[in-house]
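Chemist: Let me give you the structure first, and then I'll get to my questions.
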Amino acid sequence: MSRRWTTTAAVTLLALAALACEGGSGGGIGQPSAPPPASPSARPDLPVSMAALGDSITTGFGTCLVLSNCQRNSWSSGDGLRVDSHYRRLLEANPAIRGNGHNQAAAGARARQLPEQATAAVNAKADYVTVLIGANDACRGRIEDMTEVTDFRSEVDRALAVLKQGRPKARVLVVSIPDLYRLWEIGHPEAQVVRVWDRGICPALLANPTSTADADTSRRSLFRARIDAYNKQLVAACKAYGSRCRSDGGAVHRVRFSVDMLNRLDYFHPDVDGQNKLAEVTWGASGFSG
């Protein structure tokens, strides 16, 4: 083989590699490309910026094969190709929102962190804000450590007040907490799931998951009742906010999750299929689906 041919081939390969990099999103191997470029024209009835508030469910935790946040797979603000998120649905109809899907959620967040997240949403000039909070308020070490219902409501109200004052015209979607008790129902007969839960995942609900002792049965019932109480307060807080706030009407709580919709690392957080289901059942309540 001639040296000239070798040099030419190398240059060609480098050029092809450069073109491939330019055509991607810069996300690296295994990461989805960004949506194709579109006109920046905006529809006046759709937001040009959105923010997602909440906990690890909204950060897409565990959906990228490791136990960490993976915001591109968030049901709300995710920009990856694997989840048909609210952001991607809005982007399809209104290219002006491109690059303005802000995820302010944080793993481990409780209602008391919500006002700070709301402040970040105001700073991002969000026209649309989703709120999913409450799982960590219940998932404490003991039942006695769960956030009191009145305190939970107070923090949600504080966060919504921040949004109302800072972005009075923004639309807000308050989403119900998933039925975590169902996770115990479908998971505790599975030996592999139980082994993972024994690492200390949501002890208030999932400690001693196969036990039928009265104390454990009572603990799970109290946990279930607390989630129901939080959900009632979320609906009431949204109603008190006014016409710019919508509730999902319990749509997320009614989802009949299966083990196949949970990530295999903790059997607690939704996997990509679970995130897609959350996006699907909440989209109709957003006010933008029509």
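Just so you know, all these numbers are worked out from the coordinates, no wet-lab data involved. Please read these numbers as outputs of a predicted model, since none were measured by experiment. Every residue, glycine as well, gets a Cβ built from its backbone with ideal geometry; the counts of neighbours run over all protein chains shown.
Chemist: Treat every Asp and Glu Cβ in the stretch 39-185 as -1 and every Lys and Arg Cβ as +1, leave all other atoms uncharged, and give the resulting dipole magnitude about the Cα centre to the nearest 20 debye.
Modeler: Magnitude of the dipole: close to 540 debye.
Chemist: For the stretch 126-270, rounded, prolate or oblate, judged on the Cα gyration tensor with a ≥ b ≥ c (square roots of eigenvalues), a/c < 1.5 rounded, else prolate if a/b > b/c?
Modeler: Note, shape of the stretch 126-270 comes out prolate.
Chemist: If I stretch the segment between residue 149 and residue 218 completely, what's the gain in nm (0.36 nm per residue apart, minus their alpha carbon distance), one decimal?
Modeler: 23.0 nm
Chemist: While we're on this one: Tell me, how many Å apart are the Cα centres for the stretch 205-247 and for the stretch 124-190?
Modeler: Measuring centre to centre over Cα atoms gives 10 Å.
Chemist: Taking a ≥ b ≥ c as the square roots of the eigenvalues of the Cα gyration tensor of the stretch 223-290, is the shape rounded (a/c under 1.5), prolate (a/b larger than b/c) or oblate?
Modeler: oblate
Chemist: At 222 nm, what value in deg cm²/dmol follows for the chain if DSSP H runs of at least 4 each add -39500 (n - 2.57) and the sum is divided by all its residues, to the nearest 500?
Modeler: -13000 deg cm²/dmol
Chemist: Continuing with the same structure: Among 97, 118, 215, which residue has its Cα positioned farthest towards the positive end of the charge dipole of the stretch 96-216, with +1 placed on the Cβ of Lys and Arg, -1 on the Cβ of Asp and Glu, and the dipole taken about the Cα centre?
Modeler: The Cα lying farthest towards the positive end belongs to 97.
Chemist: Report the dimensions of the stretch 61-167 along its three principal axes from the alpha-carbon atoms, largest first, rounded to Å.
Modeler: Rounded to whole Å, the extents work out to 46, 39, 17 Å.
Chemist: Out of (1) 35, 21, 15; (2) 38, 27, 14; (3) 26, 22, 19, which label holds the value of semi-axes √(5λ) of the Cα gyration tensor in Å that was computed here?
Modeler: Read-out from the structure maps to (2).
Chemist: Could you give the size of the charge dipole of the stretch 202-257 about its Cα centre, using +1 on the Cβ of each K and R and -1 on the Cβ of each D and E, expressed in debye and rounded to the nearest 20?
Modeler: 300
Chemist: What relative contact order, as a whole-number percentage, does the chain give when Cα pairs under 8 Å and 6 or more residues apart are counted?
Modeler: Relative contact order here is 19 percent.
Chemist: Sorting 148, 190 on the 10 Å Cβ count, fewest up front, what's the list?
Modeler: If I rank by nearby Cβ atoms, fewest first, I get 148, 190.
Chemist: Take the Cβ-Cβ distance between residue 228 and residue 208 as r, set R0 to 25 Å, and report the resulting FRET efficiency rounded to the nearest 0.05.
Modeler: Here the calculated transfer efficiency is 0.70.
Chemist: Quick one, could you list the DSSP H helices from the chain stretching 18 Å or more along their long axis (Cα atoms) with average Kyte-Doolittle hydropathy of 0.0 or above?
Modeler: Helix filter hits for the chain: 3-23.
Chemist: Simple spin-label model, 7 Å along Cα-to-Cβ: residue 161 to residue 67 in nm?
Modeler: Distance between the two pseudo-spin positions: 3.7 nm.
Chemist: So what does the Cα-only Debye profile of the stretch 114-198 read at q = 0.20 Å⁻¹, as log10 I(q)/I(0), no solvent term?
Modeler: -0.93
Chemist: Could you calculate the contour length gain from residue 254 to residue 289, that is, 0.36 nm times the residue separation minus the distance between their Cα atoms, to one decimal place in nm?
Modeler: Taking 0.36 nm per residue and subtracting the Cα distance, the gain is 10.6 nm.
Chemist: What percent antiparallel are the DSSP beta bridges of the chain, to the nearest 5?
Modeler: 5
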